[in-house]
Each structure stands twice: as structure tokens, then as C-alpha cells.
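The values are calculated or read from the model by the stated rules, or taken from the named source; none is laboratory data. The model shown is predicted, which means the values in this text are computed figures rather than measured ones. Neighbour counts run over all protein chains shown; Cβ positions are idealised from the backbone, glycine included.
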Amino acid sequence: MPELPEVEITKRSLTKQILLKKVNSVTIINPKLRYNLKKEKLSTLKGKVIKQIKRRSKYILIIFNDMNILLIHLGMTGRFYFTKNQSKKIDTSFYNNKSIMTKHDHLKIKFKNFDLIYNDIRKFGFIKRYRSKHITSIDHLSKLGCEPLTKEFCFNYLKKKIFNKKSSIKNLLMNQSIIAGLGNIYVNEVLYFSKIRPDKQGHEIGDSEIRRLVKEIKKILKNAIFAGGSTINNYHNSEGKIGSYQKNFKVYDREGKDCFHLGCSGIIRRTNCSGRSIFYCPKCQT
DNA sequence: CGGGACTCCTGAGGGC
DNA sequence: TGCCCTCAGGAGTCCC
């Protein structure tokens, strides 16, 4: 489940491989994604050069030399991998089941010496082409809150966004118009390190707790990026490598296990909120 | 306008 | 061994 760190890692590997490269052709293998792939929209990318690759929240933007932009969201299971043109061989060393690996291919972008494939098992991801001079005019990006790893994301910003809210802090942190890029897993971890109960309402969060949240969000995201993201089920970056941050999870998927906080004898509990699982220590998260 | 419920999808995993 | 059921999750949409 790619969240900000996994998308950032994907962006970095794409940059390494395809920046300044020219697209030879684009082939739709299976158009069915969250928004169906359209041949007439994507074929215009032929012959264009990739000028820049950016990340905003959990979105990747591939910007071409003629102002064409590919907006990509990995959904739950979206990922990229590369194949060599000449040998037609696919590097499956990082994947046990080859049939599953190619079964859910959706898009192939051919470059001079290799192909880039978009694969998505659950089809929650999407790829849309835009022609736009201003990234902020893209509908999916216009309502996003600030990037948590920038200076803009600070105590004053977060306080302004949550001080009068009745929603649970768990839902507020997952709200992309407040913080762009956090998902269920990292929010569980952030609340654990900040020692805040997930069901506490926004207006009940004190100043010192807001300071802890800002600090822990930045720290956890940075550490996760450094570790190459988290690998759960089948997340791999486009180089086929797996991240290791899941080894650092303190609450996620640890129901019934001991709390890691020194001197805390709590047992990690699991509950549910609007269809999302919540993991927390009922003893030290108050 | 805010917020909760529902929806898309498929593989994994548990029960029998 | 195999079938059936449930569950996971982002984000858009619907509805109160």
C-alpha cells in the first residue's frame, strides 16, 4: 500500500531510469484501471522526451518536453517494472510468481533499450494524461494539503487545521487536504510515537501533542524513505527492490503483542474506524 | 459544509 | 485438496 515514502522511492527509481529519455511508443495492455486508459490520449506521448519527474502527495508526475503530463496514482498495488527490449526477458528475481507478475500489466512505455511496464493487481491506481502548464490546475492535486516534509508543515499549520475539528485525529491525519501523503499504516505509527489515542478528537489535541505529531510525522517519513519504504504483500519499487521499513512497525499488524515503549506493559489493540484498521496501545496512547 | 458509509478490485488466508 | 467467505486499503461519490 504505497504511501508517501513508497511513492517517493518509486519516483526516485523512475528518475534514475527514464529522465531525459525519449518515448518510442505507448501500448495499452489492459485499459481497465480506476479510470480507463485511453489510446488516443496516450499515443500523443510518442516521440516526446521526459523532462522532469515529480512527486506530490501520493501522486507521481511525469512531465514531458511539450507540456504533456502523466499523472500517476499507484492505488493499492500499482507498481512499475522494466523489461529489456532485445532479450524479451523479464527480471522476475524479486517476484515468486511470474504469472501474477505479468497477469496484471496495464501499460507499456517503450524506450530505446527497455520497456517500462505499469502493473496493478487490484486496479485501484490510475494513469491520466494532461496538457497543462500549471500542475496545480490538475483536479486531483488542487485540494491537497501541504507536504509533510516541507517547512510549511509546522505547528501553526497543523493547529489551524485541527483545533476546531470533531473528527478523530486518526481521520484528520489521513485527510489528504490536511496532510498530503499519509495513509493508514504510517498514521498508526505516528499516533503511537506521539502517544495519542487514535479516537481523540481534533479539538482535544493539546499544543504539546501537536508539536509531537509534527515532529514524529517528519521523523517517521524520513526514516521510511531512508529504509526504501515498507514492503507489505507485493510492494516493490521499479527496480524490483523491496523496502525494509516494515521491520520498524511498532503497532501496525501487531494486535495482541507487547507495546515496545519502555516500562509500558500494554498490549497492542486493534479496532476499526470507517472501514480502516486502527492499531494502538491502550495504555500509553492517551 | 462536514463527515460517515459505500464503492471499485483481487489475492491471501482461515474455516471446514 | 478445495471451496467459500472475509478482509485489506486510497480516494471519489453519495447522502444525511
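Every condition in (1) at pLDDT 90 or above; (2) among the basic types (Lys, Arg); (3) surrounded by fewer than 18 Cβ atoms within 10 Å (Cβ to Cβ) is met by A:Arg122 except one, and the failing one is (1). For the range A:81-112, filtered to residues that are at pLDDT 90 or above and part of a loop (DSSP other than H, G, I, E, B), the residue that is surrounded by the most Cβ atoms within 10 Å (Cβ to Cβ) is A:Phe111. Annotation: of all residues in the range A:51-65 being within 16 Å of DNA strand C (Cβ to nearest atom) and part of a loop (DSSP other than H, G, I, E, B), the one that is surrounded by the most Cβ atoms within 10 Å (Cβ to Cβ) is A:Lys58.
Per-residue answers, yes or no, for (1) among the aliphatic types (A, V, I, L, M); (2) under 21 Å from A:Val7 (Cβ atoms); (3) more than 16 Å from DNA strand B (Cβ to nearest atom):
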residue: A:Pro31; (1), (2), (3): no, no, no
residue: A:Ser43; (1), (2), (3): no, no, yes
residue: A:Lys51; (1), (2), (3): no, yes, yes
residue: A:Arg55; (1), (2), (3): no, yes, yes
residue: A:Ile60; (1), (2), (3): yes, yes, yes
residue: A:Met67; (1), (2), (3): yes, no, yes
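With the requirement that a residue be within 13 Å of DNA strand C (Cβ to nearest atom), part of a helix (DSSP H, G or I), more than 25 Å from A:Asp199 (Cβ to Cβ) and hydrophobic (A, V, I, L, M, F, W, C), what does the range A:130-177 give you? Within the range A:130-177, A:Leu141 is the sole residue that qualifies. Restricting attention to the range A:39-50, the residues that are of a type outside the set (A, V, I, L, M, F, W, C) and touching a residue at least 24 places away in the same chain (Cβ under 8 Å) total 4. Tell me which residues, restricted to the range A:1-50, are of a type in the set (Val, Ile, Thr) and either farther than 20 Å from A:Asn113 by Cα or not in a loop (DSSP other than H, G, I, E, B) (or both). If the condition is that a residue be of a type in the set (Val, Ile, Thr) and either farther than 20 Å from A:Asn113 by Cα or not in a loop (DSSP other than H, G, I, E, B) (or both), then A:Val7, A:Ile9, A:Thr10, A:Thr15, A:Ile18, A:Val26, A:Thr27, A:Ile28, A:Thr44, A:Val49, A:Ile50 are the ones that fit. Taking each residue of the range A:152-167 that is farther than 10 Å from A:Leu213 by Cβ and looking for partners that are in a loop (DSSP other than H, G, I, E, B) and hydroxyl-bearing (Ser, Thr, Tyr) with beta-carbon atoms closer than 9 Å, six or more apart or interchain, yields A:Lys161/A:Ser177. What pairs come out if I take residues in the range A:128-145 that are modelled with pLDDT of 80 or more and pair them with residues that are assigned to a helix (DSSP H, G or I) and surrounded by fewer than 11 Cβ atoms within 10 Å (Cβ to Cβ) whose C-beta lies under 9 Å away, six or more apart or interchain? Filtered contacts from the range A:128-145: A:Tyr130/A:Ser137; A:Ser142/A:Thr136.
You will find that of A:Lys195, A:Lys219, A:Lys215, the residue that is surrounded by fewer than 19 Cβ atoms within 10 Å (Cβ to Cβ) and within 18 Å of A:Gly243 (Cβ to Cβ) is A:Lys219 and no other. For the range A:198-212, a residue qualifies if it is buried (at least 20 other Cβ atoms within 10 Å of the Cβ) and in contact with a strand residue (DSSP E or B) (Cβ under 7 Å, 6 or more places away or on another chain), and exactly one does: A:Pro198. Quick one: would you say A:Asn184 is among the polar types (S, T, N, Q), within 16 Å of DNA strand B (Cβ to nearest atom) and under 28 Å from A:Tyr118 (Cβ atoms)? Yes; evaluated as a whole, the condition is true for this residue.
Whenever a residue of the range A:247-264 is outside any helix (DSSP H, G or I), its partners that are of a type in the set (S, T, N, Q), lying with C-beta atoms within less than 7 angstrom and at least six residues away or across chains, give the pairs A:Val251/A:Asn188; A:Tyr252/A:Asn188.
Residues that are assigned to a helix (DSSP H, G or I), within 15 Å of DNA strand B (Cβ to nearest atom) and more than 18 Å from the chain's Cα centre (by Cα): does the range A:204-227 have at least one? Yes, the range A:204-227 contains at least one residue that is assigned to a helix (DSSP H, G or I), within 15 Å of DNA strand B (Cβ to nearest atom) and more than 18 Å from the chain's Cα centre (by Cα).
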